[in-house]
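Participant: Below are the structure tokens for one structure; questions will follow.
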């Protein structure tokens, strides 16, 4: 079969599948019809009860496009190429917003309409997320409503093997001097007591704690404001200081010599196999809730305590080593006492826009629906119904003041049921997390000292140069750490980095930041 025919056949198959999954259903009852794209872990059924529920509530017809979230952008683009534009337009990858605007696929949303039809959402944006809200602008007009991952207020967890600390008579470190004492003991003090030299202080993920001490996230495009200017910290002088530490640890056998391959050996992404298998004594991999132990906190049902569920990584660890205890640490202070941080995940998850050529009346209705479905809605029954389905049938409250529910019926058996049932209109517009789990996270101060990028989007210059820049940066760091290059090679690397596009990228981010903040 000829190559061209194969490509056309695959394209035709993709078109067939995506159209079959979410073909437009022309309503004949005279109601306004709104096509809707959403995050879906399973297809919404044709006669989904929650779709009917909201059609009756808002007096509209809702045409949900079923698009597999794992291939969302690719499948959506097929429909866009065929001339179909959804009325409520979810932009899964925030970096794609500018491209869709350039193609004329999104309508500008007047700020006055946002204030009028989404007062609670707008108030939340202004109070808690003004920077993320501003990122929905292009050339001074709003094209995207920021969807906020409020759970990302919690930074990376810092995990130590408490059993090893106890065996060595050590405490959880708070500064770089104490940290070095701990990781050298982990590497050379036989913390597992097996008489073998088979342990190390840290590996690739653990290095995040070192980088964070200097306010850096070197392996991702996190931009900071330094001395009033946009700075890419991984090429600032502080990075050279950090690399000097990592280089020394590698030479002294404290940094895992196999650190380049990472800590996860496959399977669930959050697991540090290096840690749970007893190779290293600290890590920062995953989220804090992945490391929950039995009894860290309780949920409550009618006043009766229910122990928290064990975290996904802790479950794996306890299956291998039931007696191992862990301890949570804080970001390190530098030698001069300056408090460092550690990477936090981006607060901006995605954008919600409105398709080009949507009439004004329909735009108003979409904003009204989004206001009701967002988690800024003060009516928490409405908020929970949007997320979970019919109250009393699909879920009930455990603790309403802590926004904790108990799943019922088919929803209890499988998470995907709520998507099949039509609970696909909710979105995270931003609100304070009130669950017992989040309460515990704040108690443990996972919401403190996170490092966040002031610009988690993508610009044309970044798209053009980033692959090459990332490769150069990663190679330079590894060469310096392993001793293949001298420490002073860092200065040569920075000059080359700026020359091959790094300066253009930083200048572009600086220009955007100045224009929109």
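Every number here is computed from the coordinates shown, using simple stated rules; none is lab data. Everything quoted here is computed from the prediction, not taken from an experiment. Counting neighbours? That spans all protein chains shown, and the Cβs are built from the backbone with ideal geometry, glycine included.
Participant: Find the centroid of the Cα atoms in region 112-126 and in region 62-104, then give the distance between the two in whole Å.
Facilitator: Here the two parts' Cα centres lie 24 Å apart.
Participant: Calculate how steeply helix 237-251 sits against the longest principal axis of the alpha-carbon atoms of the chain, using the helix alpha-carbon long axis, and give the answer as 0 to 90 degrees to the nearest 10.
Facilitator: 60 degrees
Participant: Between residue 95 and residue 492, what is the label-point separation in nm under the 7 Å Cα-to-beta-carbon projection?
Facilitator: 3.0 nm
Participant: Relative to 2.2 N^0.38 Å, what does the C-alpha radius of gyration of region 159-343 come to as a ratio? Two decimals please.
Facilitator: 1.10
Participant: Could you order the peptides 457-470, 205-218 from most to least packed, using the average number of other C-beta atoms within 10 Å per residue? Don't skip to the answer; put the middle values down first.
Facilitator: Working: 457-470: 16.1, 205-218: 24.1.
Result, highest mean Cβ count within 10 Å first: 205-218, 457-470.
Participant: Next up: I'd like the distance between the alpha-carbon centres of region 318-388 and region 467-486, rounded to an integer number of Å.
Facilitator: Computed from Cα coordinates, the inter-centre distance equals 33 Å.
Participant: Along the Cα-to-C-beta direction of residue 334, a point sits 7 Å from the Cα; which residues of region 151-190 have their amide N less than 15 Å from that point?
Facilitator: 175-177
Participant: Something else now. Rank by packing, highest mean first: peptides 32-42, 411-421, 189-199, with packing defined as the count of other Cβ atoms within 10 Å averaged across residues. Let's see the in-between values first.
Facilitator: Working: 32-42: 19.8, 411-421: 17.4, 189-199: 13.7.
Ranking the peptides 32-42, 411-421, 189-199 by packing returns 32-42, 411-421, 189-199.
Participant: Using 0.36 nm per residue of separation minus the Cα-Cα distance, give me the extension gain between residue 401 and residue 174 in nm, one decimal.
Facilitator: Between residue 401 and residue 174, full extension yields an extra 78.2 nm.
Participant: Rounded to two decimals, what ratio of Rg to Rh does region 399-448 give with C-alpha atoms and a Kirkwood Rh?
Facilitator: Result: Rg/Rh = 1.07.
Participant: Give the label of the value calculated from the structure for Rg and Dmax of the Cα atoms in Å, choosing from (i) 25.2, 79; (ii) 24.6, 95; (iii) 29.1, 92.
Facilitator: The calculated read-out lines up with (i).
Participant: Okay, next question. Using alpha carbon centroids, what distance separates region 127-149 and region 176-195, in Å?
Facilitator: So the separation of the two Cα centres works out to 46 Å.
Participant: Do you know the relative contact order of region 159-343, to the nearest whole percent, from alpha carbon pairs under 8 angstrom that are 6+ apart?
Facilitator: Once divided by the residue count of region 159-343, the mean separation gives 33 percent.
Participant: Turning to a different aspect of this structure: Counting alpha carbon pairs within less than 8 Å and at least 6 residues apart, what relative contact order, in whole percent, applies to the chain?
Facilitator: 23 percent
Participant: Okay, next question. Taking the mean number of other Cβ atoms within 10 Å as a proxy for protection, how do you rank 99-105, 276-282, 482-488, 300-306 from highest to lowest?
Facilitator: Values: 99-105: 15.6, 276-282: 23.0, 482-488: 13.0, 300-306: 10.3.
Per-residue Cβ counts within 10 Å, averaged per peptide and sorted highest first, yield 276-282, 99-105, 482-488, 300-306.
Participant: For the chain, find the longest principal axis of its Cα atoms and tell me its angle to the long axis of helix 176-188, 0 to 90°, nearest 10.
Facilitator: Relative to the chain, helix 176-188 is tipped by roughly 70 degrees.
Participant: Taking R0 as 35 Å, what's the FRET efficiency between residue 500 and residue 82 from their Cβ-Cβ distance, rounded to 0.05?
Facilitator: Working: r = 38 Å, r/R0 = 1.09.
It comes out at approximately 0.35.
Participant: Per DSSP H run of at least 4 residues, take -39500 (n - 2.57); add these up for the chain, divide by its residues and hand me the 222 nm value, nearest 500 deg cm²/dmol.
Facilitator: The helix contribution divided over the chain gives -12000 deg cm²/dmol.
Participant: Name the shape class, rounded, prolate or oblate, that the alpha-carbon gyration tensor gives for region 50-121, where a ≥ b ≥ c are the square roots of its eigenvalues, rounded holds for a/c under 1.5, and otherwise prolate holds if a/b is larger than b/c and oblate otherwise.
Facilitator: oblate
Participant: Along the Cα→Cβ direction, 7 angstrom out, place labels at residue 448 and residue 516. What is the inter-label distance in nm?
Facilitator: Placing both labels 7 Å along Cα→Cβ, they lie 3.2 nm apart.
Participant: Relative to the longest principal axis of the C-alpha atoms of the chain, give the angle of the C-alpha long axis of helix 72-81, reported between 0 and 90° and rounded to the nearest 10°.
Facilitator: Value to nearest ten degrees: 40.
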